[in-house]
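The values are calculated or read from the model by the stated rules, or taken from the named source; none is laboratory data. Remember, predicted model here, so these are calculated numbers, not experimental data. When we count neighbours, we look across all protein chains shown, and the Cβ atoms used for this are built from the backbone with ideal geometry, even at glycine. These accessible areas exclude ligands, DNA and RNA; they are computed on the full protein's heavy atoms, side chains included. Shrake-Rupley method; radii C 1.70, N 1.55, O 1.52, S 1.80 Å.
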Amino acid sequence: MGVVTAEIQGAVGYEVYLRSFADATGDGVGDLHGLRERLGHLAWLGVDIVWITPCHPSPLADHGYDVADYLDVSGEYGGIEALDRVFEAAHELGMRVLLDLVPNHTSNRHPWFEASRADRDSPYRDYYIWRDPAPGGGPPNNWVSHFGGPAWTYDEHSGQYYCHLFLPEQPDLNWANEAVSAEFEAIIEFWLGRGADGFRIDVAHALAKHPELPDLPPAAVRGEADPDDLMTVFDRLEHVYDSNRPEVLEIYRRWREVADAHNGLILGEVYLLESDALAPYVAARDGLHLTFWFAPLHLRADDADGLRRALAEGCSMAPGSVAWITSSHDSSRAATRFGGGPLGRARALAVAALQFGLPGVAFLYQGEELGLEDVEVPPDRAQDPTATRAGAPHRSRDVARTPMPWEPGGGLGFTSSERPWLPLGDRDSADTVAVQRDDPDALLHRYRELTGVRHTHLMDSEVPVEWLTNEGPVIAYRRAKLVVAANIGAEALSWQPPGSARPLWRSSPRPPAPEGTLAPGEAVWLELHN
């Protein structure tokens, strides 16, 4: 398994979406000073690993995922010394810090790309994927961008197209070039030497491309294209040449060697929804230490059977190598996805409870511990490229990226600015950390208790998972003497553990239903007596 993977078994991770976490300077944008001031909340909650979204200098075409300098920190966030202080403060509190590393593409304002564009004979030209137009003119192949339109932009100055699987401002790096690989190994060394404890790897499945760049075939199952949603074009192609290439695994084997020398952690955003495709990234235990498993993010509130299958598939890949997740900055918040209101919040906690009992690392997304739901963002305040460029406001990620509410009053403790970078929406005092901490029945305390019971009762990753239900709204499993059960349905249901047991944790502050019954959205952790 490796030293790092063994050390983090049973850990709880927490995603900090930096722009929306805490603003200490009053400009309406979260920063590293604010994060450092609020680290105590994460330690109180029971967090072991803090993942920070990109803080490098960036033109912000995609809010930091277009990096202009991998070896520095944006002044907007406080500069590199502010990050040093975050490392120090987190380590004093016993937490590891993961930086977000974006290796698939850079900003078009990165010096590498500027040199690449300026001179076709520059050694940096081959840092990117440049190609001549197709014989009849136009892009070199039929590849398309995640954000709509061709994955190619023509550069008048040099007479060629460059590839970008995301925005034109995010040109893809050429990972067939050994110089690119050497650059990133040096970047990893730099940050691990400075105090980072590892990295979350953005778009970890897409770095390597087929060397001949052939056209993509149509997807086997093709839905109706929405002419007003440019992103549907991406979904109608089978991404066999621009994603999930076997060559990418060698990149992570090399990074693993660098990271292990510093006891660093490599966590991949491998956005593949089939477990057999995802497993090779972690199964040999010589590449990524962990990979997120995103299948549960795509399930409806009423699909308990689908959720059960997704959890079972995640457990089957490589025990201890899965990072579980119920929300992120790229998806609608769990409480909203699971129906909204009290039931949606209860279901979100119940799904977290199911994941927290499984081997690996369980992640929370900032505000999830408060039961936060999506915030409607008016069109004139939209920031996400999916809404502002791709003609897909219904896919906008802004709804899950709005500021964290810390305390009652103006700006809800996030900022002193009258206009934060995204609106606060209709959040009120009851949504804030301060008010929920003062209320022992608040959802925040149920999440804190859940992290505590995970730390004290989770066993070795090799202890198997025995599923106790095969269908229906109640999902239950056993691991040795631990039993975890959750009712994802909208009605109270009878359920009994497989033997006498004592309660360890329950998602309701008070017993809301008779013995042997799980209320709607209720979850329990039990310890069997025999």
Among the residues that make up segment 463-486, is at least one of them of a type in the set (S, T, N, Q) and surrounded by 19 or more Cβ atoms within 10 Å (Cβ to Cβ)?
no
Considering each of GLU189, GLU212, GLU185, GLU169 in turn, give the residue that is free of Cβ contacts under 8 Å to residues at least 60 places away in the same chain, over 23 Å from LEU278 (Cα atoms) and not β-branched (Val, Ile, Thr).
GLU212
Test: TRP505 is aromatic (Phe, Trp, Tyr) and assigned to a strand (DSSP E or B):
yes
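Matching residues to (1) under 25 Å from ARG395 (Cα atoms); (2) out of contact with any Phe, Trp or Tyr (no Cβ under 9 Å at 6 or more places or on another chain); (3) open to solvent by 70 Å² or more (accessible area, probe 1.4 Å); (4) at pLDDT 95 or above:
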{"position": "PRO211", "(1), (2), (3), (4)": "no, yes, yes, yes"}
{"position": "ALA283", "(1), (2), (3), (4)": "no, yes, no, no"}
{"position": "THR291", "(1), (2), (3), (4)": "yes, no, no, yes"}
{"position": "LEU297", "(1), (2), (3), (4)": "yes, yes, no, no"}
Pairs returned, first residue in segment 126-143 that is within 16 Å of PRO217 (Cα to Cα), second residue that is of a type in the set (Gly, Ala, Ser) and open to solvent by less than 20 Å² (accessible area, probe 1.4 Å), beta-carbon separation under 7 angstrom, 6 or more apart or interchain, are TRP143/ALA151
Residue by residue through segment 120-141, note down the ones that are open to solvent by 50 Å² or more (accessible area, probe 1.4 Å) and either polar (S, T, N, Q) or under 17 Å from ASN174 (Cα atoms) (or both).
ARG120, ASP121, PRO123, TYR124, ASP126, ARG131, ASP132
Scanning for something among the polar types (S, T, N, Q) and in contact with a Cys (Cβ under 7 Å, 6 or more places away or on another chain), does segment 52-61 turn up at least one residue?
no
Tell me, yes or no, whether segment 268-286 has at least one residue that is in a strand (DSSP E or B) and in contact with a Ser or Thr (Cβ under 9 Å, 6 or more places away or on another chain).
yes
Sort out which residues of segment 299-326 are touching a residue at least 60 places away in the same chain (Cβ under 8 Å) and either open to solvent by less than 40 Å² (accessible area, probe 1.4 Å) or part of a strand (DSSP E or B) (or both), and write them in order of number.
ALA301, ALA304, LEU307, ARG308, LEU311, ALA312, CYS315, GLY320, SER321, ALA323
Go through the residues of segment 167-174 one by one and say whether even a single one is among the acidic types (Asp, Glu), farther than 25 Å from ASP202 by Cβ and either open to solvent by 20 Å² or more (accessible area, probe 1.4 Å) or within 26 Å of the chain's Cα centre (by Cα) (or both).
no
Restricting to segment 101-125, name every residue that is within 17 Å of TYR70 (Cα to Cα), in a loop (DSSP other than H, G, I, E, B) and free of Cβ contacts under 8 Å to residues at least 24 places away in the same chain.
TYR124
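Each row is one residue, and each column tells you yes or no for (1) closer than 18 Å to ASP66 by Cβ; (2) at pLDDT 90 or above.
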| position | (1), (2) |
| --- | --- |
| VAL375 | no, yes |
| PRO385 | yes, no |
| PRO393 | no, no |
| PRO405 | no, yes |
How about segment 250-278: which of its residues are of a type in the set (A, V, I, L, M) and crowded, with 16+ Cβ neighbours inside 10 Å?
ILE251, VAL258, ALA259, LEU265, ILE266, LEU267, VAL270, LEU272, LEU278
Does ASP66 fit the bill of being in a loop (DSSP other than H, G, I, E, B) and charged (D, E, K, R)?
yes
Looking at segment 370-390 only, could you name the residues that are of a type in the set (Gly, Ala, Ser) and surrounded by 18 or more Cβ atoms within 10 Å (Cβ to Cβ)?
GLY371, ALA387, ALA390
Subset of segment 424-439 (residues that are open to solvent by 20 Å² or more (accessible area, probe 1.4 Å) and either assigned to a loop (DSSP other than H, G, I, E, B) or under 18 Å from GLN383 (Cα atoms) (or both)):
LEU424, GLY425, ASP426, ARG427, ASP428, ASP438, ASP439
Might you let me know whether segment 171-181 holds any residue that is among the aliphatic types (A, V, I, L, M) and in a helix (DSSP H, G or I)?
yes
Could you say which residue among ARG85, ARG117 is open to solvent by 30 Å² or more (accessible area, probe 1.4 Å) and under 27 Å from the mean Cα position of the chain (by Cα)?
ARG85
Kindly evaluate ALA353 against the criterion of being open to solvent by 10 Å² or more (accessible area, probe 1.4 Å) and aliphatic (A, V, I, L, M).
no
Selection from segment 20-35 of residues that are open to solvent by 30 Å² or more (accessible area, probe 1.4 Å) and of a type in the set (Ser, Thr, Tyr):
THR25
Could you tell me which residue of segment 442-462 is least open to solvent (accessible area, probe 1.4 Å), considering only residues that are part of a loop (DSSP other than H, G, I, E, B) and modelled with pLDDT under 95?
SER461
Residue in segment 28-53 that is farthest from HIS91 (Cα to Cα), counting only those that are part of a loop (DSSP other than H, G, I, E, B) and of a type in the set (Asp, Glu)
ASP31
Failed condition for ARG345, given (1) within 28 Å of PRO464 (Cβ to Cβ); (2) modelled with pLDDT of 95 or more; (3) open to solvent by 10 Å² or more (accessible area, probe 1.4 Å), with all others met?
(1)
Can you say whether LEU83 is outside any loop (DSSP other than H, G, I, E, B) and touching a Cys at 6+ places or on another chain (Cβ under 9 Å), as far as the supplied structure shows?
yes
In segment 90-111, which residues are open to solvent by 20 Å² or more (accessible area, probe 1.4 Å) and over 24 Å from LYS209 (Cα atoms)?
HIS91, GLU92, LEU93, GLY94, ARG96
With the requirement that a residue be in contact with a strand residue (DSSP E or B) (Cβ under 6 Å, 6 or more places away or on another chain), part of a helix (DSSP H, G or I) and not aliphatic (A, V, I, L, M), what does segment 9-27 give you?
none
